[in-house]
Amino acid sequence: MTDHAVSTWVESAQGSDFPIQNLPLGIFSVGERRRRAGVAIGDFVLDLVGIVDLLDEEWRDDLSQPVLNAWLARGHEAQRALRERLAELLSDEQYRDDVEPELIGQTEVRMHLPCVVGDYSDFYVGIHHATNVGKQFRPDNPLLPNYKYVPIGYHGRASSVRVSGEPVIRPNGQRKAPDADAPEYGPSRRLDYELELGIWIGEGNELGSPIPVAEAAEHIAGYCLLNDWSARDIQAWEYQPLGPFLAKNFLTSVSPWVVSPQALAPFRRPMPPRSAADPEPLPYLDDAADRQSGALAIQLQVTLTTERMRRQGVAPHVLSRGSAEAAMYWSAAQIVAHHTANGCNLQPGDLIGTGTLSTESDSGLGSLLEISRGGRQPIALPTGETRSFLEDGDEITLRAWCDGEGAVRIGLGECVGRVAATS
């Protein structure tokens with residue numbers, strides 16, 4: 001349901017992240033009760049198990065599971081039909097007496113990962129982030145020759161993907177100072193966040209059968225926020241020649257709601273034009289429709305609080321504000337098409353990260369590595385504290401939303417993580 005004129009009898013939905021035009025899916029629990037599927041509407045979670053008798057009989061088994069994998073495997077047609085039915089139930093007063101008792105306050109529930117994550121891959125499609133990081137190592141040649149030809153990615157660790165709110169345990173690892181003769185082992189001293197979008201896979205593909213770029217969007221079940229926590233000192237020592245390992249796989253945080261492509265449809269935009277000097281995408285990555293609507297006008301924000309700030313009641317410090325539309329060199333469809341181009345099979349519930357989404361402006365940088373210029377320019381906080389990288393007790397909050405003329409504002413919610421000392 002994307003019609004901006006439709007309203008709901010759930011009063012708190014007006015002006016929230018979760019109006020009737022959004023209706024994202026998630027998995028929640030209350031107390032010791034079994035995990036179950038729910039939909040965010042205003043300040044509430046609608047228990048889908050509680051209203052299952054009002055839904056299509058064919059959907060009931062999948063929507064009664066403690067994870068969404070089976071439901072997302074049904075694909076876009078099922079998603080559209082469920083959204084239409086939920087919009088009917090939440091807008092028509094005749095259903096209110098049956099549905100309202102199944103609304104639970106979001107403050108009363110515990111959110112969980114929406115899916116069993118079989119595989120997690122992370123990309124590097126934020127061109128300004130790639131350029132900024134490259135400048136720190138190769139000032140005269142920040143982007144490697146392959147960047148504008150191939151969406152760069154790596155396989156992450158699915159077992160350490162966690163939902164928003166889980167603590168960020170400072171990782172141990174090998175680190176080597178530039179002037180040291182040998183590495184040492186200990187807690188990371190350059191812990192960082194990375195602002196990303198997550199892509200949840202719905203329908204998968206068979207091993208050996210690539211997904212064409214023109215069909216890739218139909219395999220995307222939804223989007224979330226993703227924080228690819230990174231230990232920069234461990235990363236600098238270990239990444240050659242095979243890339244990220246222990247610097248990344250200790251934790252990946254995601255926001256709990258799966259925001260559907262249907263909810264985001266009013267906010268699709270043309271992909272940013274490429275420079276005349278840039279190569280055209282190779283045919284397997286090129287699709288006219290994706291060029292016209294592959295970008296997402298999602299606004300992004302990152303805030304930081306320290307222990308002292310919270311103790312003194314100081315408002316969160318805004319580290320960055322930016323836009324996914326301006327940051328992504330490759331689209332979500334191109335990411336999916338490339339991931340499967342060699343025949344790799346994706347499965348329902350797989351998670352893909354976009355990579356850090358920084359804008360060209362300093363106000364929209366997506367990591368402390370960029371903001372502090374590799375630690376050389378610490379940022380000043382309202383309490384008089386400074387930060388180059390994250391200290392114990394620091395809390396990072398990612399937020400995202402979409403708004404525009406002729407559309408109702410929707411949000412992706414929050415992705416929160418607080419750093420704790422190494423165990």
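Write out, first by first residue and then by second, each pair whose Cβ atoms fall under 8 Å of each other, whose residues are 6+ apart or on separate chains, and whose first residue, in region 48-77, is in contact (Cβ under 8 Å) with a residue 24 or more places away in the chain while the second is part of a loop (DSSP other than H, G, I, E, B) and among the basic types (K, R).
Partner pairs satisfying both residue conditions: P66/R34; P66/R35; V67/R35.
Could you tell me whether region 198-220 includes any residue that is of a type in the set (D, E, K, R), in contact with a Gly (Cβ under 6 Å, 6 or more places away or on another chain) and either in the same structural domain as G322 (by TED's automatic domain parsing) or over 23 Å from T354 (Cβ atoms) (or both)?
yes
Please find, among R376, R399, the residue that is touching an Asp or Glu at 6+ places or on another chain (Cβ under 6 Å) and not acidic (D, E).
Every option except R399 fails the conditions.
Looking only at region 294-332, how many residues end up being in contact (Cβ under 8 Å) with a residue 60 or more places away in the chain and of a type in the set (D, E)?
Matching residues across region 294-332 total 1.
Can you pull out the residues in region 99-128 that are of a type in the set (A, V, I, L, M), part of a helix (DSSP H, G or I) and more than 30 Å from R157 (Cβ to Cβ)?
If the condition is that a residue be of a type in the set (A, V, I, L, M), part of a helix (DSSP H, G or I) and more than 30 Å from R157 (Cβ to Cβ), then V99 is the only one that fits.
Look through L285, L251 and report the one residue that is among the hydrophobic types (A, V, I, L, M, F, W, C) and in contact with a His (Cβ under 8 Å, 6 or more places away or on another chain).
L285
What residue, of Y239, Y223, is farther than 24 Å from P167 by Cβ, within 22 Å of the chain's Cα centre (by Cα) and not hydrophobic (A, V, I, L, M, F, W, C)?
Unique residue meeting the criteria: Y223.
If we only count strands (runs of 3 or more DSSP E) wholly inside region 165-265, which ones have 1 or more residues that are of a type in the set (S, T, Y) and touching a strand residue (DSSP E or B) at 6+ places or on another chain (Cβ under 8 Å)?
184-187, 220-227, 252-254
Can you say whether Y124 is in the same structural domain as W229 (by TED's automatic domain parsing) and among the aromatic types (F, W, Y), as far as the supplied structure shows?
In short, yes.
Listed residues L369, L381, L390, L365; which is farther than 30 Å from E206 by Cβ, touching a residue at least 12 places away in the same chain (Cβ under 8 Å) and touching a Leu at 6+ places or on another chain (Cβ under 7 Å)?
L390
Could you list, in sequence order, all residues of region 293-320 that are β-branched (V, I, T) and surrounded by fewer than 18 Cβ atoms within 10 Å (Cβ to Cβ)?
V314, V318, listed by residue number.
Here's a check for you: in region 144-164, which residue that is polar (S, T, N, Q) and either assigned to a loop (DSSP other than H, G, I, E, B) or outside the structural domain of G243 (by TED's automatic domain parsing) (or both) is modelled with the highest pLDDT?
S164
Taking region 100-142 as the region of interest, how many residues are within 25 Å of the chain's Cα centre (by Cα) and of a type outside the set (A, V, I, L, M)?
The number of residues fulfilling the criteria is 21.
Please indicate, with yes or no, whether at least one residue in region 299-308 is farther than 21 Å from T383 by Cβ and basic (K, R).
No, every residue in region 299-308 fails to be farther than 21 Å from T383 by Cβ and basic (K, R).
Just checking, how many residues over region 168-211 are on the phi < 0 side of the Ramachandran plot, loosely packed, with under 14 Cβ neighbours inside 10 Å and in contact (Cβ under 8 Å) with a residue 60 or more places away in the chain?
Residues flagged as on the phi < 0 side of the Ramachandran plot, loosely packed, with under 14 Cβ neighbours inside 10 Å and in contact (Cβ under 8 Å) with a residue 60 or more places away in the chain within region 168-211 amount to 3.
Can you find a residue that is in contact with a strand residue (DSSP E or B) (Cβ under 6 Å, 6 or more places away or on another chain) and either in a loop (DSSP other than H, G, I, E, B) or of a type outside the set (G, A, S) (or both) anywhere in region 129-143?
Taking every residue of region 129-143 in turn, none turns out to be in contact with a strand residue (DSSP E or B) (Cβ under 6 Å, 6 or more places away or on another chain) and either in a loop (DSSP other than H, G, I, E, B) or of a type outside the set (G, A, S) (or both).
The values are calculated or read from the model by the stated rules, or taken from the named source; none is laboratory data. Note that the structure is a prediction, hence the values are computed from the model and not measured. When we count neighbours, we look across all protein chains shown, and the Cβ atoms used for this are built from the backbone with ideal geometry, even at glycine.
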